[in-house]
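Engineer: Here you go, one structure.
The values are calculated or read from the model by the stated rules, or taken from the named source; none is laboratory data. Since this is a predicted model, take the numbers as computed values, not measurements. All Cβ positions, even for glycine, are placed from backbone atoms using ideal geometry, and neighbour counts span all protein chains on display.
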Amino acid sequence: MRILIVIGGFFPGKKCGGPPVSVDNFCSLMKDYECYIITVNHDLFETKPYENIQEGWNDRGNSKVLYLSDSEYNKRTFEKYILEIYPDILYLQGVFQACILPCLQLAKKHDIKVLLAPRGELCEGAFNLKRYKKVPYVELIKRLGLVSNIHWQSTSDEETEAIKRLMKASNDLIHRLDNIPSIPKKDYPRREKVAGEGKFVFLSRIHPKKNLLFAISLFKEIQGNVEFDIYGPIEDEDYWRRCQEEIKQLPKNVKVEYKGLVGHDQVHEVFSQYDAFLFPTLSENYGHVIAESLIVGTPVIISNQTPWRGLEGAEAGWDINLKNANEFKNSLNLIIELSEKQMLNRRKNARNYINNALDIQKIHHLYSQALQSVCFDKQNNTVS
């Protein structure tokens, strides 16, 4: 089976968040399929092409990737390669990306089956950002008949309900498929935890949806010697300025530092350097960074707007209502007071939690079933 993936940003980029991780992990898991990826040749908010890429298809081992300039990344070029590859499935990432409308039009024109993964863009927290632009767009693609018979990937109950509500998709066209986690290549050394000290990390896009401003505000009344390091691309300069102003209001016992970007191959190592991952996000349909933190044994302090729940009961972290700032603060204080022996137990529990949640063999089976279902579309009873 040939699968063509069109995505706005991909590796070696560092600024595109979770979708490239999802796609790369998909290609690695489904290595028994032929995977092709079309993307742009530069990182988000940049124009300089990546180094060490070549014209034409680049072989990544798990996929072949075509990097296009902005002037080439258009409907005409998409059509050229769709006709060259003639995929069994066009696997699209996101709803509001520039490539989606032309790709849906081309899929309809050439009778190619579509699996579309919204990647959380239809979930309430994300959809409400610039809703005034998104609602007319959704109505347009529905009115043009571009999403009437396509298949959808959902990674949470919230996303399933959003797809049904906003896109009017029927249950048989929605496939509940968990995202595929990234597995660390090795164990990383840890610093010794000292009671009364805490080292926390935020690793995500710096954007209102990720709620960094709220995270910073939590440290105003925190006791002990605290470090809070921030990693990620600055997508919203105004928002980052507000974050910087909030940092200036923090007491002297809290040291905050912006550390810049992290390559995907460095994420596990970065998480292993911290006592907890603080991530009060407004909405995540999966949250690769949450899984990546837990899988190296770093507990998480997150909002309850993600699929990762029951963390406190498992002593692997906390999933907290965003209205309850005091509970976030209590969680930070608890981590600060832990000794090395107590921290070792928390790290073990974090790993146990994520290992119990993952079943790679089952995930592969579910993806295979879904892809076969997309190829054999019951609505028109044809096989691609």
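Engineer: Using beta carbons and a limit of 7 Å, which pairs, at least six apart or on different chains, have the first residue in the stretch 208-234 and in contact (Cβ under 8 Å) with a residue 12 or more places away in the chain and the second one of a type in the set (S, T, N, Q) and in a helix (DSSP H, G or I)?
Structural biologist: Filtered contacts from the stretch 208-234: I222/N333; Q223/N333.
Engineer: For the stretch 43-55, give me each residue that is free of Cβ contacts under 8 Å to residues at least 12 places away in the same chain and either in contact with a Cys (Cβ under 6 Å, 6 or more places away or on another chain) or not in a loop (DSSP other than H, G, I, E, B) (or both).
Structural biologist: none
Engineer: Anything in the stretch 113-137 that is crowded, with 18+ Cβ neighbours inside 10 Å, more than 16 Å from the chain's Cα centre (by Cα) and outside any strand (DSSP E or B)? List them, or say none.
Structural biologist: Taking the stretch 113-137 as the starting set, the residues that turn out to be crowded, with 18+ Cβ neighbours inside 10 Å are 113-123, 125-127, 134.
From the residues that got through so far, the ones that are more than 16 Å from the chain's Cα centre (by Cα) too are 113-115, 134.
K134 - this is the single residue of the stretch 113-137 that is crowded, with 18+ Cβ neighbours inside 10 Å, more than 16 Å from the chain's Cα centre (by Cα) and outside any strand (DSSP E or B).
Engineer: Can you name the residue in the stretch 326-369 that is of a type in the set (D, E, K, R) and over 27 Å from the mean Cα position of the chain (by Cα) and, of all such residues, is farthest from Q223 (Cα to Cα)? Can you show your working first?
Structural biologist: Taking the stretch 326-369 first, the residues of a type in the set (D, E, K, R) are 327, 329, 337, 340-341, 346-348, 351, 359, 362.
Filter once more, so that each one left must be over 27 Å from the mean Cα position of the chain (by Cα): 337, 340-341.
Details: E337: 10, E340: 18, K341: 21 Å.
Looking at the filtered set, the residue picked out is K341.
Engineer: Turning to a different aspect of this structure: Could you list, in sequence order, all residues of the stretch 211-238 that are in a loop (DSSP other than H, G, I, E, B) and closer than 17 Å to L282 by Cα? Steps first, answer last, please.
Structural biologist: Of the stretch 211-238, the ones in a loop (DSSP other than H, G, I, E, B) are 211, 222-224, 232-233, 235-236.
Result: N211, G232, E235, D236.
Engineer: Another one. What's the total number of residues in the stretch 245-300 that are touching a Gly at 6+ places or on another chain (Cβ under 8 Å), outside any loop (DSSP other than H, G, I, E, B), of a type outside the set (F, W, Y) and crowded, with 24+ Cβ neighbours inside 10 Å?
Structural biologist: Residues meeting the conditions: 4.
Engineer: Consider I82 carefully, then state whether it is in the same structural domain as Q369 (by TED's automatic domain parsing) and within 30 Å of K48 (Cβ to Cβ). Talk me through it step by step, then tell me what you get.
Structural biologist: Values: in the same structural domain as Q369 (by TED's automatic domain parsing): yes; within 30 Å of K48 (Cβ to Cβ): yes.
Yes; evaluated as a whole, the condition is true for this residue.
Engineer: Those residues that are part of a helix (DSSP H, G or I) and at pLDDT below 95, I need them from the stretch 367-384; list them, please. Working first, answer last.
Structural biologist: To start, the set of residues in the stretch 367-384 that are part of a helix (DSSP H, G or I) comprises 367-375.
If the condition is that a residue be part of a helix (DSSP H, G or I) and at pLDDT below 95, then C375 is the only one that fits.
Engineer: Please enumerate the residues belonging to the stretch 1-42 that are of a type in the set (F, W, Y) and part of a helix (DSSP H, G or I).
Structural biologist: F26, the sole residue that qualifies.
Engineer: Hey, another quick one. Tally the residues that are within 19 Å of N179 (Cβ to Cβ), of a type in the set (D, E, K, R) and without any contact (Cβ under 8 Å) to a residue 40 or more places away in the chain, restricting the search to the stretch 100-131.
Structural biologist: 1
Engineer: If the Cβ limit is 8 Å and pairs must be 6+ apart or interchain, which residue in the stretch 156-167 that is among the hydrophobic types (A, V, I, L, M, F, W, C) pairs with which residue that is assigned to a helix (DSSP H, G or I)?
Structural biologist: Short answer, once both residue conditions are applied: A162/E124; A162/F127; L166/F127; L166/V138; M167/V138; M167/K142.
Engineer: Could I ask something else about it? Return the only residue of E197, E139 being under 30 Å from F328 (Cα atoms), modelled with pLDDT of 95 or more and among the acidic types (D, E). Working first, answer last.
Structural biologist: On the way: E139 fails: under 30 Å from F328 (Cα atoms).
That would be E197, the only listed residue that is under 30 Å from F328 (Cα atoms), modelled with pLDDT of 95 or more and among the acidic types (D, E).
Engineer: Sticking with this structure for a sec: Quick test of your reading of the structure: Y86 fulfils all but one of (1) aromatic (F, W, Y); (2) more than 17 Å from G9 (Cα to Cα); (3) touching a Pro at 6+ places or on another chain (Cβ under 8 Å). Name the failing condition by number.
Structural biologist: If we test Y86 against (1) aromatic (F, W, Y); (2) more than 17 Å from G9 (Cα to Cα); (3) touching a Pro at 6+ places or on another chain (Cβ under 8 Å), just (3) comes out false.
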